[in-house]
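Below is one structure; the comments refer to it alone.
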Amino acid sequence: MGKKRKHTETEAAAIEETAIERPKRTLLGFKDGSTNENKETSVVTFRNKEKVLVTCSRRISYRYRHLMLNLVSLLPHCKKDNKVESKDAKGATLNELVELKSCSSCLFFECRKGKDLYLWMAKCPNGPSVKFLVNAVHTMEELKLTGNHLNGSRPILTFSSNFDKQPHWKLLKEMFIQVFGTPKDHRKSKPFYDHVIVFSILDDHVWFRNYQISCPHNGGTQKIDRGDLEKMTLVEVGPRFCLNPIKIFGGSFGGPTLYENPFYVAPNQIRSLEKKQKAGKYAKKVKAKTRRKMHQLSNPMEVDEFADMWKE
């Protein structure tokens, strides 16, 4: 057996100089001393981490619950939670839930008297927030439309030109973009667009529509020719609903009033007017009966001489 060769002192020093020191490992990866210098030269990119909490109040009707579930299917970046009691202190409760779920926005469906649906859209915890009255609700199950898009795909948000005319519409447009826009590279989203969400203003109401982008296919090929882009059609998927803005608040679920709709009429006032109209019809009938009786008393019929002739 041969003896092992011993390294000289000069060779050992040369090996130590050429050896690369391993960077320290941390929870976020390996820590390198040269990263601080590179951070100054690197460009900081913004990453959208928007998450929306979707919840509702207790005693909500089934149609409004189905509408909420339809919106949940359209928002892959949302989180659901249990029902919340709609009391005066619901703002603090919802802000706490949003913080616990690590969300930055909230959609709260509040049902009153089993008939009226109000939608709160808020940016938490500093605001602003908007309160809508939801009308003309049609869920996907009711419509049964032919449109169908992939679950979790990113939508193209389109707005009518009226959103750029007044400041409160500009604020609502920005909130719709942040809440309904799916963040890029979200883990539950698909990396392409196949449906369009339309927000349009008519009669001071916001109308919501959802359409599928239908593309023509040439045989078995998946690619679409550039000339065929004009042949794309929109097929409605649903749901449909109309938002009537009531108030815009500076805080989350409250705070100073930034805007108040002067044309808003509460549903209770509309129902009371309808009852008064029905009550007016009954009052007219009662007055007609009393007038008829007074007329009969003031104009009695003359006694007939031959009325009792055949009774004898």
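The values are calculated or read from the model by the stated rules, or taken from the named source; none is laboratory data. Just so it is clear, the model here is predicted, and its values are computed rather than measured. Methodologically, a virtual Cβ is constructed for each residue, glycine included, from the backbone with ideal geometry; neighbour enumeration extends over all protein chains shown. Accessible surface areas use protein heavy atoms only, side chains included; no ligands, DNA or RNA. Shrake-Rupley method; radii C 1.70, N 1.55, O 1.52, S 1.80 Å.
Scan the range 109-142 residue by residue and report those that are part of a loop (DSSP other than H, G, I, E, B) and farther than 28 Å from Val98 by Cβ.
None; the set is empty.
Does Met68 count as of a type outside the set (Val, Ile, Thr) and over 13 Å from the mean Cα position of the chain (by Cα)? Reasoning before the result, please.
Values: of a type outside the set (Val, Ile, Thr): yes; over 13 Å from the mean Cα position of the chain (by Cα): no.
No; evaluated as a whole, the condition is false for this residue.
Can you give me the ranges of the strands (runs of 3 or more DSSP E) entirely in the range 195-282 with at least 1 residues that are modelled with pLDDT under 90 and surrounded by 15 or more Cβ atoms within 10 Å (Cβ to Cβ)? So that I can check it myself, show each step before the final result.
Working: elements: 205-214, 233-236, 240-251, 254-260.
Passing ranges, in order: 205-214.
Could you please find all residues in the range 144-158 being over 27 Å from Leu94 (Cβ atoms) and surrounded by 15 or more Cβ atoms within 10 Å (Cβ to Cβ)?
Once the filter is applied, which keeps residues that are over 27 Å from Leu94 (Cβ atoms) and surrounded by 15 or more Cβ atoms within 10 Å (Cβ to Cβ), the range 144-158 yields Leu145, Gly147, His149, Ser153.
Would you be able to tell me the number of residues in the range 242-297 that are of a type outside the set (D, E, K, R), without any contact (Cβ under 8 Å) to a residue 40 or more places away in the chain and either closer than 23 Å to Gly91 by Cα or touching a His at 6+ places or on another chain (Cβ under 7 Å) (or both)?
The qualifying residues number 3.
Given the condition aliphatic (A, V, I, L, M) and crowded, with 17+ Cβ neighbours inside 10 Å, answer yes or no: does some residue in the range 174-193 qualify?
Looking through the range 174-193, at least one residue is aliphatic (A, V, I, L, M) and crowded, with 17+ Cβ neighbours inside 10 Å.
Kindly provide the set of residues from the range 101-126 that are of a type in the set (Asp, Glu) and buried (at least 17 other Cβ atoms within 10 Å of the Cβ), ordered by number.
Scanning the range 101-126 gives a single hit, Glu110.
With the condition kept exactly as written, say whether any residue in the range 79-90 is assigned to a helix (DSSP H, G or I), farther than 24 Å from Thr139 by Cβ and modelled with pLDDT under 90. Spell out the reasoning first.
Of the range 79-90, the ones assigned to a helix (DSSP H, G or I) are 90.
So of that shortlist, the ones also farther than 24 Å from Thr139 by Cβ come out as 90.
Okay, now just the ones that are also modelled with pLDDT under 90, so 90.
Yes: the range 79-90 contains one or more residues that are assigned to a helix (DSSP H, G or I), farther than 24 Å from Thr139 by Cβ and modelled with pLDDT under 90.
How many residues does the range 143-174 hold that are in a loop (DSSP other than H, G, I, E, B) and touching a residue at least 60 places away in the same chain (Cβ under 8 Å)? I'd like the intermediate steps shown before the answer.
Step one: of the range 143-174, the residues in a loop (DSSP other than H, G, I, E, B) are 144-152, 160, 165-166.
Next, from what is left, pick out any that are touching a residue at least 60 places away in the same chain (Cβ under 8 Å): 145-149, 151-152.
Looking only at that region, the number is 7.
Quick check on my filter: what residues within the range 85-117 are among the acidic types (Asp, Glu) and closer than 21 Å to Tyr62 by Cα?
Let us first name the residues in the range 85-117 that are among the acidic types (Asp, Glu), namely 85, 88, 96, 99, 110, 116.
Scanning the range 85-117 gives Glu85, Glu110, Asp116.
Which condition does Met68 not pass, out of (1) modelled with pLDDT under 60; (2) closer than 30 Å to Gly254 by Cα, if it passes all the others?
Condition (1) is where Met68 drops out.
Of the conditions (1) closer than 17 Å to Arg240 by Cβ; (2) open to solvent by less than 20 Å² (accessible area, probe 1.4 Å); (3) among the aliphatic types (A, V, I, L, M), Val98 clears all except one; give me its number.
Looking at each condition in turn, Val98 falls short on (1).
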